[in-house]
Amino acid sequence: MSAPERKAVVFQHHPNISLGNLAPVLDTFGYDVRVVDPTAGQVEGLDPQDADLVIVLGGHEAAYRLDKWPYLEDERRFIRARIDAEKPLLGICLGAQLMAGALGARNYRGDKPDISYRDLELTDAGIESALGLARGVPMLEWHGDHFELPAEATLLASSAAYPNEAFSIGDFALAVQFHPEVTDEMHEAWIGDTRDQLEREGVDLDWWRAEREKNNGHMQVASRLMFTAWLSDVLRRTP
């Protein structure tokens, strides 16, 4: 008799902001993936303890503008309940910001958007964590918002641009501000989605594509190792 599939629920805020290179890792671990759309109110009514894993992806929303995007409040309540239950949780970019906000930390607009590939400045805890497998590999930054570190969190990484690039909660939750999941195809789609903003910020698109060619392949290898190690650790530590 085959082992039952693990269940993963993924909060996806935009069609082009997807699991990317995390998807094959989930498949390797036997996760049955259910994608929900928070923008359509699909978070309301979900049981925070039901899935074996919850992943909250990025988005164009600002975590501090609950008035503009009220469904983010549903996500924050869900995330808080998930954390209180100490159930496996991963947040990426907006997902990390919502995790911080759910724990009472301040979300805020940064001084300047960070659109780059950056080395992570790992803390001692970060070196010992799954992020240590990505040490020395520049990670994709594509955000303008940030968060203060929650009191319950352990800082894993900073960068030259923003102080809180990754944190953990206990041994079951991980939040990353950067975008280790992004494939080449996603990167190109994001250029199309944000072309006007990139031009306003003075980002040369030929340069940005060259940065992708130089960095993204190495990042995808490192991030798959990182995701694999984190999930392995989560499965070993949690029932």
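A few comments on the model shown:
- Under 21 Å from the Cα of K87 - lysines, other chains or at least 8 residues apart: K7
- Selected from A125, A161, A151 as most flexible by GNM, with the chain as the system and alpha-carbon contacts under 10 Å: A151
- Remark: relative contact order (the stretch 6-237) = 19 percent; criterion is Cα-Cα distance under 8 angstrom and separation of 6 or more residues.
- Those trypsin sites (Lys or Arg not before Pro) in the stretch 35-92 that DSSP places in a loop and that have at most 11 other beta carbons within 10 Å: K68
- Listed residues L133, L90, L198, most fluctuating in the chain (Gaussian network, C-alpha, under 10 Å): L198
- Choice from P15, P163, P48 with maximal GNM fluctuation in the chain (Cα, 10 Å cutoff): P15
- Put a plus charge on the Cβ of each Lys and Arg, a minus charge on the Cβ of each Asp and Glu, and nothing anywhere else: the dipole of the chain about its Cα centre is then about 320 debye.
- Sparse-neighbour loop sites [GluC sites (Glu not before Pro); the stretch 65-103; at most 16 other C-beta within 10 Å; DSSP]: E86
Every number in this text was worked out from the coordinates using simple rules, so none of it is lab data. Small disclaimer: the values here were computed from a predicted structure and weren't measured. Here Cβ is always computed from backbone atoms with ideal geometry, including for glycine, and neighbour counts include all displayed protein chains.
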